[in-house]
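Values quoted throughout were computed directly from the atomic coordinates according to the rules given, and no laboratory measurement underlies them. This is a predicted model, so every value here is computed, not measured. As a convention, Cβ positions derive from the backbone with ideal geometry for all residues, glycine included, and neighbour counts pool all protein chains shown.
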Amino acid sequence: MHGPASPGWLLVALCAATGAYCLLRMRSTVEEQRRSAGGEALMGFGMAAMAVPAAAFTPPAWAWPAYAVVFGAAALRALWSARTSAHHLHHLMGAAAMVYMAAVMAAAPAAHHHAHGASGVPLVTGALLLYFVGYVLLTGTRLVPAGPAPTGAALASGSLRGAGPGWGDRPELAQACRLSMGMAMVAMLLGL
């Protein structure tokens, strides 16, 4: 619409909506679901705050080190939780990517929107891009239904009502949430 700020605001909206949904998922009766949703909510809101276009708000100099500390703590928590669940390794990668982006922004706050020059994409940025692109592709394939979709008659008869988990415990919604945050991470890394 009005230049490069529009994609930034769309990214902010996507990440904030994902974070809000993850907060609602924290009401789940399944403990692992609640723990995972908490980390994902932090990631969604943190990404939303980091994606605010610089034309609208330039964070103070202390904000980037604060991001690094918060997401560094989240990375340590994810590392500790990875002992019991492999999914927390993805949380570790997400938190590490946020620490990396905060460090890059703190090192060059005015130059982060300029071209990379002749040096190309930095190695860490490239590695994180490869990981998150792979994650997005894998997560996207997991959302493809394995069987036929319910027919209109089954939906109309109500035979599917009451079956399965509540809307906050639906694994496909959690996967869609993770997919949207993965795509947002790719967009943020490309903009770095």
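With K and R counted +1 and D and E -1, the other residues having a Cβ less than 12 Å from that of GLY38 yield a net charge of +2. Using θ = phi - 60° in the Karplus curve 6.51 cos²θ - 1.76 cosθ + 1.60, the 3J(HN,Hα) couplings for segment 48-64 round to 4, 5, 6, 8, 4, x, 4, 5, 8, 7, 9, x, x, 4, 6, 5, 5 Hz; x is entered for Gly and Pro.
Sorted fewest first by neighbouring Cβ atoms within 10 angstrom, LEU137, LEU123, LEU128 come out as LEU123, LEU137, LEU128. Reducing segment 51-111 and segment 120-144 to their Cα centroids gives an inter-centroid distance of 17 Å.
Taking the Kirkwood radius as Rh and the Cα radius of gyration as Rg, segment 23-92 has a ratio of Rg/Rh equal to 1.06.
Between the beta carbons of THR84 and GLU172, assuming R0 = 30 Å, the FRET efficiency works out to 0.80 to the nearest 0.05. Taking Cβ atoms as reference points and 15 Å as the exclusive limit, the residues near THR141 contribute a net charge of +1, counting Lys and Arg as +1 and Asp and Glu as -1.
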